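Structure, as structure tokens:
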Amino acid sequence: MKKIIIDILGGDNAPHAILDGVVMAAKKDKQLQFLLIGDETQIKERATKEGFVDRVEIIHTTESISNNEPPTNVRVKTNSSIALAVENLRKREDCGAFVSAGSTGAVLAGSVLRVGRIPGVSRPALCPLFPTKTPGKNVIVVDVGANVDCRPEHLFHFAIMGSEYMKSMGIPNPRVALVNVGVEDKKGNELTAGAFQLLKQSDLNFVGNMEARDAFSGDYDVLVCDGFVGNVLLKTAEGAMKLVGARLKGALKSGPISILGALLVKGKLKKMSAELGEEAAGGAIFIGAKKTVVKAHGSSEAHAFANAIHLANRAMQSDMTENIEKAIARNTITEEEKKDGE
């Protein structure tokens, strides 16, 4: 099995929560192999204590890139954990994935600059999995922030990549929808109108426009939008979840009967929270890069980061990258189609 590269120094709770997450993932899957980048003494001591040091390679550094720094510092700070990670991912055949909770900009910039794009892909995209009303069923949103200014062909490629990703997750014919301000074919702006035409002519299972309120309905598998719209959708969903959680918590503490009811449903509420919270998926795949890159949440605790590692491992072992390249080639956009979409 190929190694998964881990940025031990990235994230709000690094290095301890990141190391804890690696330990959890290593114990759950005995086949995982790691290249850990961070403080060598600290990493070796922990891996030895937990009994999986034989599955660990270490690259020592104490330098990181913070969220306050320009993403392009990945070019300048060549000894930083993110720079070392993307460089090793690029040049080593025995490394197949990279996971970081560090600077999103630096991770994405490094992945594009050093790892590169799948041939034919116009722009890679950041794609989290969202839960839906159907238990155990997720929907992927492409893109949530990597590309805030897009052309129709970019959204078209997002749809292809998202579809192939969901196929790798076991969905044979993913339903692709375009996030829009209405479900009618003619709704939207120039960007969505152009993308709609390209999607309609493709071999994807394109089911048309979708309004944001139906994002979690379970009726779709892939939601396509530019990074500006996707990021607003993501942040709004997170805020709505916090609001519902706060209101529910308040209601369950409003009186003796409510408190008794809360005790009766405590287990189910805890399970629901685990399934719907940020920790469930662990992170978002930067789809379209030549190798698997997963951006974990910056505030990741151990359990969330472990889930990000498992997500990266599943993607790494699938044929997703090769299938994306084939699908992009199969759906090549002609210059005439580009003009029609603009």
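Inspect all residues belonging to segment 127-149 and state whether any of them is part of a helix (DSSP H, G or I), open to solvent by 20 Å² or more (accessible area, probe 1.4 Å), touching a helix residue (DSSP H, G or I) at 6+ places or on another chain (Cβ under 9 Å) and at pLDDT below 95.
no
Just name the residue that is modelled with the highest pLDDT out of those in segment 176-209 that are within 20 Å of Glu164 (Cα to Cα), part of a loop (DSSP other than H, G, I, E, B) and open to solvent by less than 40 Å² (accessible area, probe 1.4 Å).
For segment 176-209, the residue satisfying everything is Leu204.
How many residues does segment 239-258 contain that are open to solvent by 80 Å² or more (accessible area, probe 1.4 Å) and either touching a Lys or Arg at 6+ places or on another chain (Cβ under 8 Å) or of a type outside the set (Lys, Arg) (or both)? First the steps, then the outcome.
So the first thing to find is which residues in segment 239-258 are open to solvent by 80 Å² or more (accessible area, probe 1.4 Å), and the list is 241-244, 247, 249, 253-254, 256-257.
Remaining after also requiring either touching a Lys or Arg at 6+ places or on another chain (Cβ under 8 Å) or of a type outside the set (Lys, Arg) (or both): 241, 243-244, 254, 256-257.
Matching residues across segment 239-258 total 6.
Quick test for you: out of Val207, Val224, pick the one residue that is of a type in the set (A, V, I, L, M, F, W, C) and either over 23 Å from Ile324 (Cα atoms) or in contact with a Gly (Cβ under 8 Å, 6 or more places away or on another chain) (or both).
When all the criteria are applied, what remains is Val224.
So, in segment 325-342, how many residues would count as being at pLDDT 90 or above, touching a Gly at 6+ places or on another chain (Cβ under 7 Å) and surrounded by 15 or more Cβ atoms within 10 Å (Cβ to Cβ)?
2
Quick one: which residue in Lys91, Lys27 is closer than 18 Å to Lys290 by Cβ and open to solvent by 60 Å² or more (accessible area, probe 1.4 Å)? Steps first, answer last, please.
On the way: Lys27 fails: closer than 18 Å to Lys290 by Cβ.
So the residue among Lys91, Lys27 that is closer than 18 Å to Lys290 by Cβ and open to solvent by 60 Å² or more (accessible area, probe 1.4 Å) is Lys91.
Does Ile82 qualify as being outside any helix (DSSP H, G or I), open to solvent by less than 60 Å² (accessible area, probe 1.4 Å), at pLDDT 95 or above and touching a helix residue (DSSP H, G or I) at 6+ places or on another chain (Cβ under 6 Å)?
no
Would you confirm whether or not segment 213-231 contains a residue that is in a strand (DSSP E or B) and over 27 Å from His310 (Cβ atoms)?
Checked segment 213-231: no residue is in a strand (DSSP E or B) and over 27 Å from His310 (Cβ atoms).
Which ones in segment 85-111 are among the polar types (S, T, N, Q), in a helix (DSSP H, G or I) and within 17 Å of the chain's Cα centre (by Cα)?
Of everything in segment 85-111, those that are among the polar types (S, T, N, Q), in a helix (DSSP H, G or I) and within 17 Å of the chain's Cα centre (by Cα) turn out to be Thr104, Ser111.
The values are calculated or read from the model by the stated rules, or taken from the named source; none is laboratory data. Remember, it's a predicted structure, so these values are computed and weren't measured experimentally. Please note: Cβ atoms are built from the backbone with ideal geometry, for glycine as well, and neighbour counts cover all protein chains shown. Heavy atoms of the whole protein, side chains included, go into the accessibility calculation; ligands, DNA and RNA do not. Shrake-Rupley method; radii C 1.70, N 1.55, O 1.52, S 1.80 Å.
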